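Input: a single structure, listed below in structure tokens.
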Amino acid sequence: MDVAAFLGRYPPFDALPQDRLETVAASVRIEYFPEGAVILQEGGEPAAFLYVIRKGAVERLDGETILDLLVEGETFGHLSLFSGLGPTVTVRAQEDTICYLIDAELAEQIVGTRHGLAFLSSAVRRQILRADEQRTASRADARSVSVGSLIVRRPVTCEEGTTVREAAALMANARVSSLLIPRDGRVGILTDRDLRTRVLAAGVEPDAPVAGVMSFPALTVPPETMAAEALALMFERSVHHFPVVERDGTLVGVVTDTDLMRLERYSPVAVRSAIERVADRAALVAAGRDLPRVVIGLVDAHADPVDVGHVVGVTVDALTRRSIDLAIDDLGDPPVPWAWLALGSLARHEQALHSDQDHALAFDPQGGDPGAPDPYFAELARRVTDDLEAVGLPRCNGGAMAENPPLRRTVDAWAKALGDWMDDPGLEGSILTSIAFDYRRVAGPLDVDRALDAVIRTAPEHPIFLRHLGRRALDASPPTGFFRDLVVEAKGEHAGTLDVKHRGITLITNLARTFAISAGIAEKRTLTRLRAAHTAGVIDEETQTGLSEAFRVLWGVRLRHQAEQARGGLPADDHVDPKMLGPIERQQLKEAFRVISRAQRVLAAELGVRPP
């Protein structure tokens, strides 16, 4: 890719006319920085260029604390360049890095436009070191504190009639990446990203009021919210700011993803950002292989184990979407509306490091031949499946992948299949019951979830299917004791170990699915299903609470085991040696297994069958 084509993919260059872009490209200097090289020194000589990362990554440092990680296409050095002052942070090559260098005069011309103003506002969030924030987030483990404790300045606000131009200037002068706009007892928010996507990209004039481009009402959190909880929600909703608001409506401040995330190279936000920016398959695979380090960091930070599974699932979603985008770049646009569906544990966002692929494709032939689009989708699915396997997610042994023809159907065919399996599961339905009834759209414009959810809600009308589903939840029993009477693998390479997934986690997953679907509940995640089943009166509060806590305990054991394996360079599995567990973990597991056994006995009594 030539220089102009590369620059044209990223702001502020993406807004330049082609001839202007060619002029900029012709003037750049190319410089290589080896891993560890200091590019800009805090308090040193002012930057002489605007730097654009062509390949590699750089760290922004306060001492030895990593404040941020910048990757391909991102810029740095502009504040020092335009102010003539020494850099406020040190910028160091995190790996071997190539940068394009743009001289000061040309850089000033580029940013001296409406588009450039939006770009500078966007750059504030990651690349301005706010002296008055005292680097609070970078010196604390943001997961173990409340978000209120991270706030060190009052929020910057404006009226809803403030113009976009005035708001952008206010953000730049105050060195903040967002403004809060109070309205009717609630609060709106205008962020640097809004300036880029809702103003610049949409062609909104600078004199337009912020009321038309702000997010309202903004998602807010109270000050006592734990930072780990806020980060998980931020990650899920793909937002970068949370206004912090007292329960009486008092504005406290704003917390950002940079404030919250564990500021290291392998934070979930950094890895997902790298995934979303990759330009080819090789870079996608390289970015995806950083996932085990993310899990190790989260486990070491004592994050909620269910949240860790959620982060893994969201990261795999990002890998899938980027893989699909790369495939479409080669294959051309899909011939008809479509949707890529995650199945099984990925649909529930309950994935660990030892998880295979489960996915499917749905499409709408729009009245044409249903078989006509299949060759395109077959090739798309093959490429995505290959990419995920290269990242480290093996193919499903049961073949539940979109590259296999039975997993590519029209929306109507999928809805009919679920309905038919409810009438008579048969061999196919029996195999797919634990996978296909957990689904979630990951990519594509086709709203398939609504059609399938409607089928799920008819489940109470199919007692034979519900009985079949219940029996699947009773297929195996949990261990009931330890050491002398512990149910462990008797032979093979995992002899003497406990399979915490199939002897524990999967049992709870199957129970939750049975309880929820039997009430016509279309929720997918295990803990959400348990809460919904309790609300619907299917299970009592003790069962819901007990299974939820057991689920977290088992996930914690599983993830700590897999993190140690990843740390040692070993492939991840679910086979835990009981002798390696401490006394507290053993006691927690004992109670978890007892809770599962009680729930299974209750279900077996309702079905009129013997418990496992």
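The values are calculated or read from the model by the stated rules, or taken from the named source; none is laboratory data. Since the structure is predicted, the reported quantities are computational estimates derived from the model, not experimental observations. So basically every Cβ, Gly included, is an ideal-geometry build from the backbone, and we count neighbours across all protein chains shown. Surface areas here come from the heavy atoms of the whole protein model, side chains and all, with no ligands, DNA or RNA. Shrake-Rupley method; radii C 1.70, N 1.55, O 1.52, S 1.80 Å.
If you go through the stretch 265-280 one residue at a time, how many are outside any loop (DSSP other than H, G, I, E, B), among the β-branched types (Val, Ile, Thr) and modelled with pLDDT of 70 or more?
From the stretch 265-280, those outside any loop (DSSP other than H, G, I, E, B) are 268-277; that's our starting set.
Now narrow it down to the ones that are among the β-branched types (Val, Ile, Thr): 269, 271, 275.
Those still in the list that are modelled with pLDDT of 70 or more too: 271, 275.
Within the stretch 265-280, residues that are outside any loop (DSSP other than H, G, I, E, B), among the β-branched types (Val, Ile, Thr) and modelled with pLDDT of 70 or more number 2.
Please state which one of PHE515, PHE551 is open to solvent by less than 70 Å² (accessible area, probe 1.4 Å), farther than 20 Å from THR433 by Cα and in a helix (DSSP H, G or I).
So the residue among PHE515, PHE551 that is open to solvent by less than 70 Å² (accessible area, probe 1.4 Å), farther than 20 Å from THR433 by Cα and in a helix (DSSP H, G or I) is PHE551.
Which one of these does GLU542 not meet: (1) open to solvent by less than 40 Å² (accessible area, probe 1.4 Å); (2) assigned to a helix (DSSP H, G or I); (3) modelled with pLDDT of 90 or more?
Condition not satisfied by GLU542: (1).
Please name all residue pairs, on different chains or six or more residues apart, with Cβ atoms under 7 Å, provided the first residue is in the stretch 456-474 and is surrounded by fewer than 14 Cβ atoms within 10 Å (Cβ to Cβ) and the second residue is assigned to a helix (DSSP H, G or I).
Final answer for the pair search is PRO460/SER518.
Would you call VAL254 at pLDDT 85 or above and buried (at least 23 other Cβ atoms within 10 Å of the Cβ)? Explain how you work it out, then say what you get.
Numbers: at pLDDT 85 or above: yes; buried (at least 23 other Cβ atoms within 10 Å of the Cβ): yes.
Against the criterion (at pLDDT 85 or above and buried (at least 23 other Cβ atoms within 10 Å of the Cβ)), VAL254 qualifies.
Of all residues in the stretch 138-183 being at pLDDT 85 or above and polar (S, T, N, Q), which is surrounded by the most Cβ atoms within 10 Å (Cβ to Cβ)?
SER178
Any residue at all in the stretch 559-575 that's part of a helix (DSSP H, G or I), within 15 Å of HIS502 (Cα to Cα) and in contact with a Pro (Cβ under 6 Å, 6 or more places away or on another chain)?
Yes, that holds for at least one residue.
For the stretch 414-446, enumerate the residues that are small (Gly, Ala, Ser) and in contact with a strand residue (DSSP E or B) (Cβ under 8 Å, 6 or more places away or on another chain).
ALA417, ALA436, ALA443, GLY444
So, in the stretch 408-455, of the ones that are out of contact with any His (no Cβ under 8 Å at 6 or more places or on another chain) and among the polar types (S, T, N, Q), which residue ends up surrounded by the fewest Cβ atoms within 10 Å (Cβ to Cβ)?
Going through the qualifying residues, I end up with THR410.
Name the single residue, out of those in the stretch 370-395 being free of Cβ contacts under 8 Å to residues at least 24 places away in the same chain and part of a helix (DSSP H, G or I), that is farthest from PRO335 (Cα to Cα).
ASP386
List the pairs whose first member sits in the stretch 297-320 and is within 13 Å of GLU236 (Cβ to Cβ) and free of Cβ contacts under 8 Å to residues at least 60 places away in the same chain, whose second member is basic (Lys, Arg) and open to solvent by 10 Å² or more (accessible area, probe 1.4 Å), and whose Cβ atoms are under 7 Å apart, counting only residues at least 6 apart or on separate chains?
Cβ pairs passing all conditions: THR315/ARG272; ALA318/ARG272.
Specify the residue that is nearest to THR97 (Cα to Cα); the eligible residues are those in the stretch 24-46 that are open to solvent by 60 Å² or more (accessible area, probe 1.4 Å) and free of Cβ contacts under 8 Å to residues at least 60 places away in the same chain.
Checked the stretch 24-46; the qualifying residue nearest to THR97 (Cα to Cα) is VAL38.
I'd like to know if the stretch 210-226 contains one or more residues that are of a type in the set (Val, Ile, Thr), assigned to a strand (DSSP E or B) and in contact with a strand residue (DSSP E or B) (Cβ under 9 Å, 6 or more places away or on another chain).
yes
Any residue at all in the stretch 2-14 that's assigned to a strand (DSSP E or B) and out of contact with any Lys or Arg (no Cβ under 7 Å at 6 or more places or on another chain)?
In the first step, residues of the stretch 2-14 are kept if they are assigned to a strand (DSSP E or B); the result is none.
Scanning the stretch 2-14 turns up no residue that is assigned to a strand (DSSP E or B) and out of contact with any Lys or Arg (no Cβ under 7 Å at 6 or more places or on another chain).
Search the stretch 88-103 for residues being open to solvent by less than 20 Å² (accessible area, probe 1.4 Å) and assigned to a strand (DSSP E or B), and hand back the single one that is farthest from ASP68 (Cα to Cα).
Selected residue: ILE102.
Please find, among ARG321, ARG247, ARG237, ARG262, the residue that is at pLDDT 85 or above and open to solvent by 30 Å² or more (accessible area, probe 1.4 Å).
ARG321
Which ones in the stretch 285-337 are assigned to a helix (DSSP H, G or I) and small (Gly, Ala, Ser)? Write out each step before concluding.
Filtering the stretch 285-337 for residues assigned to a helix (DSSP H, G or I) gives 285-288, 291-300, 305-331.
Listed by number, the residues that qualify are ALA286, ALA287, GLY288, GLY297, GLY309, GLY313, ALA318, SER323, ALA327.
Before we move on, is ALA402 over 18 Å from the mean Cα position of the chain (by Cα), modelled with pLDDT of 90 or more, in a helix (DSSP H, G or I) and crowded, with 22+ Cβ neighbours inside 10 Å?
No; evaluated as a whole, the condition is false for this residue.
Restricting attention to the stretch 327-350, does a residue exist that is open to solvent by 40 Å² or more (accessible area, probe 1.4 Å) and closer than 30 Å to PRO305 by Cβ?
Checking the stretch 327-350: not a single residue is open to solvent by 40 Å² or more (accessible area, probe 1.4 Å) and closer than 30 Å to PRO305 by Cβ.
Can you run down the residue pairs with Cβ atoms below 9 Å, 6 or more apart or on separate chains, where the first is in the stretch 79-94 and at pLDDT below 85 and among the polar types (S, T, N, Q) and the partner is open to solvent by less than 50 Å² (accessible area, probe 1.4 Å) and part of a helix (DSSP H, G or I)?
Pairs that qualify, where the first residue is at pLDDT below 85 and among the polar types (S, T, N, Q) and the partner is open to solvent by less than 50 Å² (accessible area, probe 1.4 Å) and part of a helix (DSSP H, G or I), are THR88/SER80.
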